[in-house]
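So the structure is just underneath, and the comments pick up after that.
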Amino acid sequence: MKWIPNFFLQVKDLLRKGDITDSLFENLEEILLEADTGIQTAEFLVSQLKKDASEKRLKDSWKLMDCFKSQLIKLLGETPVPVHFAEKGLSVFLMVGVNGSGKTTTLGKLAAYFKAHGKKVFLGAADTFRAAAIDQLEVWAHRTGVEVIKHREGSDPGAVAYDTVKAAAARGADIAMIDTAGRLHTKTNLMEELKKIRKVMQKEIPEAPHETFLILDSTTGQNALMQSKIFKEAVDVTGIILTKLDGTAKGGVILAIRQELKIPIKFIGIGEKTDALQIFDPARFAESLLGENLKS
Ligand SMILES: Nc1nc2c(ncn2[C@@H]2O[C@H](COP(=O)(O)OP(=O)(O)OP(=O)(O)O)[C@@H](O)[C@H]2O)c(=O)[nH]1
Ligand SMILES: [Mg+2]
């Protein structure tokens, strides 16, 4: 599945033909801001391009495309950051994020992805906030042919996480993935609840969770960035999964996250279907910018 961020197309259009002028740089900055890269990142990118243009004495705007691409790669890092697995035995992945960000859907897609790579996967329905959340996870488990551990609606999420890890380990699974609620029905703080889930699973596997994935909805733009800061402080996020990049012009948030938080983006979600998940590969992402012949 090929996905090209909206703002890439806009940048491409802008640089397609014409001279390098001040207003070109102004327009470029505007596109980046609209795409939610944040002021810091937009200004940084534009100033780098201005520098490149004057150092290389460029005249035609399309020649800036290569510079833009290499700046993107510099900003995002050259290679994908791989998923961290346990050295041996069970790897535990915790999914966190505000409600509606795409935790359960992403967990379903990941289950399919890992299963296709020969892994035995268990899912834990630790979003006990509502019965529908448990049902939704079961649908994904059924669809992908993996096991799910659940308790009743309203039960203790920590207990579900513990049982999932324990059952998965006992049955020789490779991966246990724990779904969590985006909000709570009790007065307990969401962050406290997540800390508790982590602590409880560590009774069974001290290194768990091997990954804490923060699921962010890219359509919320700069808001996603704010959320990351809160989650990062509370639960030691190890990787970000950015969802709903299909059909949003806000893809620039990818750049802001990398620049401001220094947490790697490990996967991106580009649709609701099982296969609409990609490993985030910075070089390929930047490459998609140059996918078409610019001079034509
Ligand atoms: N277009 C698109 N939709 C997505 C993507 N990921 C998730 N969704 C949709 O977003 C909605 C919310 O997804 P969920 O997975 O239920 O989100 P959640 O974080 O588990 O939500 P809560 O359980 O309420 O906290 C659903 O309608 C999903 O189909 C994506 O990459 N692209
Ligand atoms: Mg959910």
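What the table below lists for this structure:
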quantity	calculated
Residues of segment 25-54 with amide N under 15 Å of a point placed 7 Å along Cα→Cβ from ASP13	27-35
Segment 164-271, accessible surface, carbon-and-sulfur percent (1.4 angstrom probe)	50 percent
Fraction of antiparallel bridges per DSSP, segment 91-280 only, in percent to nearest 5	10 percent
Reachable aspartates and glutamates from LYS244, criterion Cα separation under 19 angstrom, eight or more residues apart if same chain	GLU34, ASP36, ASP179, ASP217, GLU272, ASP275, ASP281
Mean separation of Cα contacts under 8 Å, 6 or more apart, over the residue count of segment 91-280: relative contact order %	25 percent
Sites THR79 and ASP236, calculated FRET efficiency, Cβ-Cβ separation with R0 25 Å, nearest 0.05	0.65
Qualifying aspartates and glutamates (Cα of each under 19 Å from Cα of LYS17; at least 8 residues distant if same chain)	GLU26, GLU29, GLU30, ASP52, ASP60, ASP66, GLU292
Inter-label distance, nm, simple model (7 Å from Cα along the C-beta direction), ARG284/ARG143	2.1 nm
Restricting segment 114-178 to GluC sites (Glu not before Pro) in coil, as DSSP defines it, with at most 12 other Cβ within 10 Å	none
Neighbour-limited loop hits for GluC sites (Glu not before Pro), segment 1-100 (at most 16 other Cβ within 10 Å; DSSP other than H, G, I, E, B)	GLU78, GLU87
CD proxy at 222 nm, helix term only [per DSSP H run n ≥ 4: -39500 (n - 2.57); per residue of the chain; nearest 500]	-15000 deg cm²/dmol
For GLY251, net neighbour charge (Lys/Arg +1, Asp/Glu -1) across residues whose Cβ lies under 11 Å away	-1
Rg to Rh, two decimals, where segment 120-230 supplies the alpha carbon set and Rh follows Kirkwood	0.97
Dipole in debye (nearest 20) - the chain, about Cα centre, beta carbon charges: Lys, Arg +1; Asp, Glu -1	500 debye
P(r) of the chain over all Cα-Cα pairs, binned every 10 Å from zero, in whole percent	6, 28, 30, 19, 11, 5, 1
Dipole axis of segment 91-280 (+1 Lys, Arg; -1 Asp, Glu on Cβ), positive-most option in PHE231, PHE114, PRO157	PHE231
Bins of 10 Å from zero: percent of alpha-carbon pairs in segment 1-158	9, 27, 20, 17, 18, 8, 1
Solvent exposure of the chain as accessible area per residue, Å², 1.4 Å probe	46 Å²
Sparsely packed GluC sites (Glu not before Pro) within segment 191-296, loop by DSSP, other Cβ within 10 Å at most 16	GLU207, GLU272, GLU292
Per-pair calculated FRET efficiency, R0 = 35 Å: LYS59 and LEU261 via Cβ, rounded to 0.05	0.40
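The values are calculated or read from the model by the stated rules, or taken from the named source; none is laboratory data. These numbers were taken from a predicted model, which means no experiment stands behind them. So basically every Cβ, Gly included, is an ideal-geometry build from the backbone, and we count neighbours across all protein chains shown. Heads up: the accessible areas ignore ligands, DNA and RNA and are worked out on the full protein's heavy atoms, side chains in. Shrake-Rupley method; radii C 1.70, N 1.55, O 1.52, S 1.80 Å.
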